[in-house]
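Structure first, then comments.
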There are 2 protein chains.
Amino acid sequence: MSRIYERVALIGLGLIAGSMARAMQCHGLAGEIVGTARSQETRDTARELGFCDRVTETAAEAVRGADLVVLAVPVGAMGALAREIAPHLAPGATLTDVGSVKGHVVESVGPHVPEGVHFIPAHPMAGTEHSGPESGFAELFENRWCLLVPGDNPDPDALARLRALWQAMGANVEEMEVAHHDLVCAVTSHAPHLIAYTMVGVADDLDRVSDSEVIKFSAAGFRDFTRIAASDPTMWRDVFLTNKDATLEILGRFTEELFALQRAIRTGDGDYLFDYFTRTRAIRRGIIEAGQDTAAPDFGRVPASSGQKAG
Amino acid sequence: MSRIYERVALIGLGLIAGSMARAMQCHGLAGEIVGTARSQETRDTARELGFCDRVTETAAEAVRGADLVVLAVPVGAMGALAREIAPHLAPGATLTDVGSVKGHVVESVGPHVPEGVHFIPAHPMAGTEHSGPESGFAELFENRWCLLVPGDNPDPDALARLRALWQAMGANVEEMEVAHHDLVCAVTSHAPHLIAYTMVGVADDLDRVSDSEVIKFSAAGFRDFTRIAASDPTMWRDVFLTNKDATLEILGRFTEELFALQRAIRTGDGDYLFDYFTRTRAIRRGIIEAGQDTAAPDFGRVPASSGQKAG
């Protein structure tokens, strides 16, 4: 594929930026990839791994002369970072981010964007439970969605280029309005994460069932919650603090439904439970048909081809 | 491996019995495997698939002369089934089950067990979101746990043979007391399933976010809930109705914790959230170290070796 940007600056070198760098390298999408991170250790690791062409000590240095600047830090750190780099942004550059909450990013970054710089917030909906510069991989975005939140009056060329970049990294791209984005994410991501964290916390806290029992017998369902409850604590703290209203709204709905199901259990209303459990199967089928999960039933097992003992 | 039972009767031919039959065939653990199911369609499918040596029309026929009889039907159906087969059980036979709730099975099956038949309830903690006779596979129990609930005075030989069968099918075996079993399962399995069903139900119900949006963007976390929320509705209805007290106790704890986290979000208590999210990571590590899940980050993707496009 051909080059889309001459110089891309990645600020924050965790899972997402690390995966973007690897994907851009693979497909030859950037003339030069410059990266930086606040921690010396992260910068050192990135240098060793070599997924950036150059790693700079400061964000100001990284963005100099870049035609694309990507803010890839926790949502709560975006505003201060934008203020820091604003004077150093090249005229005509595109400024984007990869944060999971768009309302807060627009509010906190927007006011710092200089005249002549195109600010187009983005959110690649992809990730794993791992974090840090060593966790990225070029295929992370393949067949995942990247939501662009360009606002009312985006520069058409800047928007088209950013869209082309995400598509070239394998993502499906869709545009969305800010508030709707934050509600959609509250449902598909933020509330599920909080619920998973809660269930894992409850299991960890019980006196009458030991942690070692929980761990041993986790394949019975609990295990599915632990993957997302192992996600980066800083990132998730910021998500909940900055997407407060939408998350609390969905959690309110969740509690209401949970109480209705609890009541059905208490009163022995088997029909209510059966109908509820039948309805939820359809959504799973939709997800598999949309290629967002596999139908392979043996999740949590090493695939037979790579080492499982023969039956 | 050598034969452990001369004739095993499997009643109910779903995921668990189908997997047991295949595992016993693989390892030569039974002289003859006889199966039956209430539905004609299931019996026909089982005959076509050939994982039983013989499929009978009735449970009474199936158990005749069997030295092991396995009740593999939903928990709510166990009592009536036990009454039906009791007069046909061979003296000295072992009667077991594979239900997820043991208190109810002991109460509803126990009174029907004839003198001279050894009743040893069991619970293989393994499964997938698929159900029916076509969904079983011989490796389902490998490195999973099977809990035996033998009660106070089990026959030592009968217990040793049943334990040997489960071990030969690849399971780790542990004995547990009835009430503790039902509490452990409420934490590791029943509450997580109900919570997953609830979250999927909430997402399905929202007016302002469409089902197609939920499906498209599910990889952001929601997807992890949908696998277990696609499990068999009849089985799970019975689990909640028969393990009512323990499930409601754990759900009560869950709601309490969820409210504390919601309050931290509302009041902006980032430290509380950060500490909570850090603590839950440790449990995930324990699960991976115990071999109950893989650390592979790309859950939901086809493994690279079997078809993913190169980066």
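Rule-based calculations on the coordinates, nothing more; no lab input. Note that the coordinates shown come from a computational prediction; the quantities given were computed from them, not determined experimentally. Cβ sites come from the backbone with ideal geometry, for glycine too, and all protein chains shown count toward neighbours.
Key figures
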{"item": "Gyration tensor verdict on the stretch B:5-176 (Cα atoms; rounded if a/c is under 1.5, prolate if a/b is larger than b/c, oblate otherwise)", "result": "rounded"}
{"item": "For chain A, built as a Gaussian network whose Cα springs stay under 10 Å, the top-fluctuating residue of A:255, A:242, A:96", "result": "A:255"}
{"item": "Residue order, fewest to most surrounding Cβ atoms within 10 angstrom, among B:152, B:238, A:232, B:211", "result": "B:152, B:211, A:232, B:238"}
{"item": "Exam field: residue B:290 pseudo-label spacings to other copies (7 Å along Cα-Cβ), nanometres", "result": "3.3"}
{"item": "Shielding of B:135-148 by partner chains, average beta-carbon count, 10 Å", "result": "3"}
{"item": "Choice from A:42, A:94, A:294 with maximal GNM fluctuation in chain A (Cα, 10 Å cutoff)", "result": "A:294"}
{"item": "Residue of B:80, B:264, B:46 that the Gaussian network model of chain B assigns the largest fluctuation, springs spanning Cα pairs under 10 Å", "result": "B:264"}
{"item": "Spatial separation of Cα centroids for the stretch A:1-28 and the stretch B:1-75, in angstrom", "result": "56 Å"}
{"item": "Chain A: relative contact order as a whole-number percent, Cα under 8 Å and 6+ apart", "result": "15 percent"}
{"item": "Burial ordering of A:26, B:52, fewest other beta-carbon atoms within 10 Å first", "result": "A:26, B:52"}
{"item": "Sorted largest first, extent of chain B alpha carbons per principal axis (Å)", "result": "67, 48, 39"}
{"item": "Distances in nm from residue A:84 to the matching label points in the other copies, shortest first (labels 7 Å along Cα to Cβ)", "result": "7.0"}
{"item": "DSSP beta bridges in chain A [antiparallel fraction, %, rounded to 5]", "result": "15 percent"}
{"item": "Exposure proxy order (Cβ contacts within 10 Å, fewest to most) of B:231, B:39, B:218", "result": "B:39, B:231, B:218"}
{"item": "Partner chain coverage, peptide A:229-237 - average Cβ within 10 angstrom", "result": "6"}
{"item": "Counting DSSP beta bridges with both ends in the protein assembly as shown, the antiparallel % (nearest 5)", "result": "15 percent"}
{"item": "Net charge dipole size for the protein assembly as shown [Lys, Arg +1 and Asp, Glu -1 on Cβ; Debye, nearest 20]", "result": "780 debye"}
{"item": "Selected from A:186, A:31, A:283, residue furthest toward positive end of dipole (chain A; charges at beta carbon)", "result": "A:283"}
{"item": "Shape box of the protein assembly as shown [Cα atoms, principal axes, largest first, Å]", "result": "89, 45, 40"}
{"item": "Charge dipole of chain A about the Cα centre (unit charges at C-beta), most positive-ward option of A:116, A:215, A:85", "result": "A:215"}
{"item": "Value of [θ]222 nm, deg cm²/dmol, for chain B, DSSP H segments ≥ 4, -39500 (n - 2.57) each, nearest 500", "result": "-14500 deg cm²/dmol"}
{"item": "DSSP beta bridges in the stretch A:5-176 [antiparallel fraction, %, rounded to 5]", "result": "15 percent"}
{"item": "Label distances, nm, residue B:38 versus same residue in remaining copies, Cβ-directed 7 Å point", "result": "6.0"}
{"item": "Cα centroid separation - the stretch A:202-222 against the stretch A:140-161, whole Å", "result": "42 Å"}
